[in-house]
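We did not get these values from a lab; they are worked out from the coordinates using the rules stated. Just so you know, these numbers come straight off a predicted model, no measurement behind them. When we count neighbours, we look across all protein chains shown, and the Cβ atoms used for this are built from the backbone with ideal geometry, even at glycine.
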Amino acid sequence: MSSFIEDALKATQHSTPGQDEFYQAVKEVLTSLEPLLKSDPKYTKYNIIERMIIPDRQIIFRVPWMDDAGKIRTNIGYRVQFSDAIGPYKGGLRFHPSVNLSIIKFLGFEQIFKNSLTGLAIGGGKGGSDFDPKGKSEGEIMRFCQSFMLELSKHIGETIDVPAGDIGVGGREIGYMFGMYKRLTNRYDGILTGKGINWGGSLARTEATGFGAVYFAENLLNKKGESIKGKVCTVSGAGNVAIYTIQKLYDMGAIPVTCSDSKGVIYDKNGIDLPLLKTIKEIHREPLSAYLKTHPTASYIPVETYTKGTHAVWSIPCFAAFPSATQNELNLEDIKTLHKNGCMVVTEGANMPSTIEAIEYMQANGIGYAPAKAANAGGVATSQLEMSQNASMEKWSFGEVDAKLQNIMKHIFELSYATSVEFGDEGNLMLGANIAGFRKVADALIDQGAV
């Protein structure tokens, strides 16, 4: 590791103590950039790394709201605007009790490069709150979202910052926030993506991250002379990304056999019953254990029975794994188990779901690794397609959006692969994606001067 990168990592740890997730994301990117920094000194000369690690601004605010009992509750809101070098800030809002500044910064930092890889004019940002929508009434969620937007509205705009959804923020939450934004500004702008289809949303946006991950995996497998068709696949999570990963796997002839939530894992060797999963999670919002009422022969593994330090979903034999839940859900022990059981490909649907040790093991043992910033970029890409439709006052068909999504995912794969070849490590898609994403933003920063 060059002294320049080591110094940048030390400076990050010193300036952001306790922000482990952010430091992990920075380390993963910087260590991949060494070949680029050696080949072209301008990135060191113009101090691009330091300029990219430090966000343009970090906004932290109080979100007071009233519960159904008339009691005032308070949560913390965040919006970190990392880089607008190639376009307005773009990145989701996450509502989950685990949210803190480190989580938001790691997500925003990753978003810079993910958005760059799409080839679209969008910068990187992220936001959210430690508010937990689970167990809250519709009224409580609405009042929280309205209070959150009361402050967020001061910092966003269709050419400034365009948030979207993420964990805990779906169409319902986007609707409440958009309604509040209109009341505050008297404007009907495309300042949020993931909107309802009949009031500015894009067809295929809900499906895009999951669909895109499978499209990326198929491109990777095709490069190896393989296909996903007929292959057993394991998927973690039971939210948007996981559900539509499962749906696209079925569309492409694969057999997805698992899903998971915070309470446990479902393993159905016959293939996950997708309509039932949607009913449980999208309509009734129940724990996955409810799956057994309809499919008693399926296996349910409660979280309290997991082997310590592992995730049970990765103990199921498969050809391809799709971690689609949350960060650091696949560790070194998990990937060793997957490898032993014949897994050949890991495609990240979630953001940074694999630990650094797990990634190093995959790279050392020939497991095809599709990093999140490349493989799960379909969601943000389709958000930008929603922005385009809003700006032009047009409405594209599902097929039109899906075709554009397929082309974008193919472009991201080919760009990442070609960049890995350019820097002497063919097939290292993490290196290729990091360098390709970084280089575009870095060159824009140099062109625009020291601002």
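Grab the other residues whose beta carbon is less than 12 angstrom from that of T74, score K and R as +1, D and E as -1, and report the net. Walk me through the intermediate numbers first.
Values: positive: R62, K71, R73; negative: D67, D130.
Cβ neighbours under 12 Å give a net charge of +1.
So, by mean Cβ neighbours within 10 angstrom, what's the order for 101-111, 295-305, 254-264 with the highest one leading? Spell out each step's value before the answer.
Working: 101-111: 24.6, 295-305: 13.3, 254-264: 22.4.
With the highest mean Cβ count within 10 Å placed first, the list reads 101-111, 254-264, 295-305.
So, in the stretch 53-191, how many Lys pairs have Cα atoms under 27 Å apart, if the pair is 8 or more places apart or on different chains?
25
Excluding residues fewer than 8 places away in the same chain, name every one of the aspartates and glutamates whose C-alpha is closer than 13 Å to that of K404.
E386
Could you work out the percent of alpha carbon pairs in the stretch 326-451 separated by over 26 Å, rounded to a whole number?
35
Express the C-alpha Rg of the stretch 10-119 as a ratio against the empirical globular expectation 2.2 N^0.38 Å, rounded to two decimals.
Normalised by 2.2 N^0.38 Å, the Cα Rg of the stretch 10-119 equals 1.28.
Going by C-beta contacts inside 10 Å, put W396, W65 in order with the fewest on the left.
On the way: W396 18, W65 21.
The most exposed by this proxy come first: W396, W65.
What list of ³J(HN,Hα) couplings, whole Hz, do you get for the stretch 253-264 from phi and the Karplus terms 6.51, -1.76, 1.60, once you set θ to phi - 60° and write x for glycine and proline?
3J(HN,Hα) across the stretch 253-264, in whole Hz: x, 8, 10, x, 10, 9, 7, 8, 9, 5, 9, x.
Work out from phi, with θ = phi - 60° and the Karplus expression 6.51 cos²θ - 1.76 cosθ + 1.60, the ³J(HN,Hα) of each residue of the stretch 100-105, listed in order in whole Hz, and give x for Gly and Pro.
The phi angles translate into 8, 5, 4, 4, 5, 5 Hz.
Once every DSSP H run of n ≥ 4 in the chain is given -39500 (n - 2.57) and the sum is divided by its residues, what mean residue ellipticity at 222 nm do you get, rounded to the nearest 500 deg cm²/dmol?
Numbers: 18 runs with 208 residues, N = 451.
Calculated at 222 nm, the ellipticity per residue is -14000 deg cm²/dmol.
Considering the convex hull of the alpha carbon atoms of the stretch 208-366, report its projected area averaged over all viewing directions, in nm², one decimal.
Values: hull surface 34.1 nm².
So the mean shadow area of the Cα hull is 8.5 nm².
For the residues D251, D268, D334, D425, what sequence is obtained by ranking on other C-beta atoms within 10 Å, fewest first?
Numbers: D251 11, D268 21, D334 26, D425 17.
Exposure proxy ranking, most exposed first: D251, D425, D268, D334.
Ranked by Cβ crowding within 10 angstrom, fewest neighbours first, how are M66, M409 ordered? Display every interim value, and only then the final one.
Values: M66 14, M409 27.
Going from sparsest to densest Cβ surroundings: M66, M409.
Tell me, what ³J(HN,Hα) does each residue in the stretch 413-419 have, in order and in whole Hz, if you take phi through Karplus 6.51 cos²θ - 1.76 cosθ + 1.60 with θ = phi - 60° and put x for Gly and Pro?
With coefficients 6.51, -1.76 and 1.60, one gets 4, 5, 5, 5, 5, 4, 5 Hz.
So how far, in whole Å, is the C-alpha centre of the stretch 1-25 from the one of the stretch 324-375?
23
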